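The values are calculated or read from the model by the stated rules, or taken from the named source; none is laboratory data. Keep in mind that what you see is a predicted model, and the values were worked out from it rather than measured. FYI the Cβ positions are ideal-geometry reconstructions off the backbone, even for glycines, and counts take in every protein chain you see.
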Amino acid sequence: MPVRMSFLGPTSNSFYSQRLKLHYVDWGNREAPPLILQHGGRDHCRSWDWVAEELRHDWHIICPDLRGHGDSAWSPEGHYDMNTYVYDFAQLVHALDMEGVTIIAHSLGGNIATRYSGLYPDKIRKLVNIEGLGPPPALVSDMPPKGSTERLRQWVEDKRKAAGRAPRRYESLEAAYARMKEENSFLTDEQARHLTTHGTNRNEDGTWSWKFDNYLNVWSANDIPPSELEKLWRAISCPILMLWGLDSFATSPAKDGRMTYFQDAKLVEYEAAGHWLHHDQFDRFITDVKAFI
């Protein structure tokens, strides 16, 4: 079970990336080695609070909100792609002048951090990747190719749909909490309430909405091709701990062949855990992470 917060928590800070003001929290202990905790899609930096509480005495922990998430600004044009996310991550490391960084990253955040680790292998000490390699090869092969006219046409249509979709409003924080529990049945009541409290804003009419931008669900029509992504993965020189939940929708990299692209990677699969295994099996997760980092 996650520990309860024993003090007031981290301090809020910001940095700029491509003129956008992005938010992160700092858990103090600045003389300790740096540890970045990067959340995934439709999540926020305070979802790491239980992990940070366990590790803050030995690490200088930084938890950023991705653009369009949490308390970071939304992209003015509503465009979110992997290149921009990677640039934001690189800018965070640059702005805070960090070297020898250890990273724990989930889902979309894992995809971002893994790409960054391939671009700048000399800056990364160790990486914990929680279900963060992007779509599996079988799914990618079924999609229209990146940069194709079919993919671009689909992107235009999806963007237009997103423009017409208003953020969902909940009559009460309790209703948003119920939706959080519905999304992940493994969550305890304490976890779901904490994630909901930090993941929502109150609207002018008194209702509540999630903080993330609806546009971030529309993926870019362009990205680096799979062959180049594989080169990035092969360039990573640090040890990697990959964690996958056996009850998750995400395909294990051991089964789809992606493990073969990494120089030094170990995969651990969790029973009774879904995509958010760091919430679902917190005690085991913390034990594995402490032993690795």
Residues that are under 19 Å from the mean Cα position of the chain (by Cα), in contact (Cβ under 8 Å) with a residue 40 or more places away in the chain and on the phi < 0 side of the Ramachandran plot: does segment 136-154 have at least one? yes
When (1) modelled with pLDDT of 95 or more; (2) farther than 22 Å from ARG284 by Cβ are applied to MET259, the one that fails is (2)
Considering each residue of segment 237-268, count those that are aromatic (Phe, Trp, Tyr) and assigned to a strand (DSSP E or B), and give that number. 1
Being without any contact (Cβ under 8 Å) to a residue 40 or more places away in the chain and buried (at least 19 other Cβ atoms within 10 Å of the Cβ) is the filter; apply it to segment 110-129 and report the residue that is nearest to ILE286 (Cα to Cα). ASN111
Quick check on GLU228: is it closer than 26 Å to PHE186 by Cα, surrounded by fewer than 14 Cβ atoms within 10 Å (Cβ to Cβ) and out of contact with any Phe, Trp or Tyr (no Cβ under 9 Å at 6 or more places or on another chain)? no
Given (1) surrounded by fewer than 19 Cβ atoms within 10 Å (Cβ to Cβ); (2) closer than 30 Å to ARG165 by Cβ; (3) modelled with pLDDT of 95 or more, where does HIS279 come up short, assuming only one miss? (1)
One residue is enough: does segment 264-273 have a residue meeting the conditions crowded, with 17+ Cβ neighbours inside 10 Å, in contact with a helix residue (DSSP H, G or I) (Cβ under 6 Å, 6 or more places away or on another chain), among the hydroxyl-bearing types (Ser, Thr, Tyr) and under 16 Å from ASN111 (Cα atoms)? no
Find the strands (runs of 3 or more DSSP E) located wholly in segment 2-103 whose residues include 2 or more that are farther than 23 Å from TRP276 by Cα and modelled with pLDDT of 95 or more, and list them. 11-17, 20-26
Taking the conditions exactly as written (in contact with a strand residue (DSSP E or B) (Cβ under 9 Å, 6 or more places away or on another chain) and surrounded by fewer than 22 Cβ atoms within 10 Å (Cβ to Cβ)), does SER12 satisfy them or not? yes
